Amino acid sequence: MNEKIHFEDWLSAAPKAELHLHLDGTLEAGRLLQLAEKNRVQLPYKSLAEVEAAYRFENLQSFLDLYYLGASVLRDEEDFYHLMMDYLQRCRQNNIVHTEIMIEPQTYLPNGIDFPVFMAGFKRAIVEARSSWGQSVQLILSFLRHLPESEALGVLDQAEAYRDDFVAIGLASSEQGNPPQKFAELYRRARERGYRLTAHAGEEGPPAFIYSALQDLQVERIDHGVRCVEDDALVEWLRERGVPLTVCPLSNVRLCVFPEMAQHNILQLLERGLMVTVNSDDPTYFGGYMNDNFIAMHRALNLNRSQALQLLRNGFEASFLPEAEKTALLKQLDNFAEAA
Ligand code: HPA
Ligand code: ZN
């Protein structure tokens, strides 16, 4: 058997944790068209080919414009149930045994869809996936940084009724012009209410945004963070403190953060001792789920078994799971590595 194919099967079968995933970024083009028709939402596309042709982004903003338009087709509890269930089934196929999913209420609230509607759909799917195949899931309440902090504070209050459903808060959307410090009060209040903390920084934004997320927001984890390499002192800071970076290789290539996968710095970051993890970000928009990311890294960067094992281990270590659950999943990974 061809050695490369054998290793790709091994990568696909390995148990994984996904820590950086926007649920709206899992909406399949086919379901998007189906829901647009059902809910009578006008879109500028008539066919699957037209939707797929629109997936040619040049940067984060051109992607986000399409992404928010896509999510506007979601209207009732059933739509949210299917969105979550479709992704959880992908988790099963990709051997993602634990996932931490970003939910972005500010995408739904302006369409008149309130917490009880989307949360009921999400929770019904999660309960089913837990009981039918033991899927482990945590939710992250993610805020949109292009909107004012005052709006985010109101959403944090609305989420109080669902406090037990979210393990953490996050910060997504356009980095340029929206530095982390804009949300210092939001993070202060969330910390007081017991949320774990993460934020996107250093995807398109400079190293200063990573410092700001760590110092002004006191985050425990950085989403993306790949631009840290522009500042040696920052790399050292991240290494010493073991700050996890949730890196998304296919996303970075599609949004032109790196011109091609062969130039991605993920293995360099790993080599420098950073707590790097692999994630899919917005899989339907960026051309791949978790296993596709690992396989693309293997093909373009020659990812080997020991690097892959370190990345997989980091995924569990960097999760927001309680220690006992982390230990159990790390043991599952060890057993897999010994057997295969
Ligand atoms: N960056 C910022 N915001 C996002 C992304 C991303 O990659 N995906 C969805 N929202
Ligand atoms: Zn993201």
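The values are calculated or read from the model by the stated rules, or taken from the named source; none is laboratory data. Not measured: the values here are computed from a predicted model. Positions of Cβ are generated from backbone atoms using ideal geometry, with glycine treated the same way; all protein chains shown enter the neighbour counts. These area figures cover heavy atoms from the full protein model, side chains too; ligands, DNA and RNA do not enter into them. Shrake-Rupley method; radii C 1.70, N 1.55, O 1.52, S 1.80 Å.
Taking the chain as a Gaussian network of alpha-carbon nodes connected by springs under 10 Å, the highest mean-square fluctuation of the residues 168, 13, 324 belongs to 324. Using heavy atoms of the protein chains and a probe of 1.4 Å, the accessible area assigned to residue 203 is about 10 Å².
In the chain, what is the volume of the convex hull around the alpha carbon atoms, normalised per residue and reported in Å³? Before the final figure, lay out each step's value.
Details: hull volume 46.1 nm³, N = 340.
Per-residue hull volume (Cα only) is 135 Å³.
Highest mean packing first, where packing is the average number of other Cβ atoms within 10 Å per residue, the peptides 250-257, 47-54, 219-226 line up as 219-226, 250-257, 47-54. Placing pseudo-labels 7 Å out from each Cα toward the beta carbon at residue 262 and residue 47 gives an inter-label distance of 3.4 nm. Amide H to amide H, with H built 1.01 Å from N, residue 139 comes under 5 Å of 101, 167, counting only residues 5 or more places away or on other chains.
Put 189, 130, 299 in order of accessible area, highest first, and with a 1.4 Å probe you get 299, 130, 189.
For residue 313, the shell of other residues with beta-carbons less than 13 Å away shows a net charge of +2, using +1 for Lys and Arg and -1 for Asp and Glu. Ordered by solvent-accessible area of protein heavy atoms (1.4 Å probe), largest first, the residues 326, 182 come out as 182, 326.
The mean sequence separation of alpha-carbon pairs under 8 Å and at least six residues apart, normalised by the residue count of segment 2-339, gives a relative contact order of 19 percent. The label point for residue 323 and the one for residue 13, both projected 7 Å from the Cα toward the Cβ, are 3.3 nm apart. Put a plus charge on the Cβ of each Lys and Arg, a minus charge on the Cβ of each Asp and Glu, and nothing anywhere else: the dipole of the chain about its Cα centre is then about 400 debye. What the Cβ-Cβ distance of residue 165 and residue 272 gives, at R0 = 41 Å and to the nearest 0.05, is a FRET efficiency of 0.65.
Taking 0.36 nm per intervening residue step and subtracting the Cα-Cα distance, what contour gain separates residue 61 from residue 302 on full extension?
Values: separation 241, 0.36 × 241 = 86.76 nm, distance 3.09 nm.
Net length gain for the segment: 83.7 nm.
Backbone N atoms of segment 145-169 closer than 19 Å to the 7 Å Cα→Cβ label point of residue 114 belong to residues 151-165.
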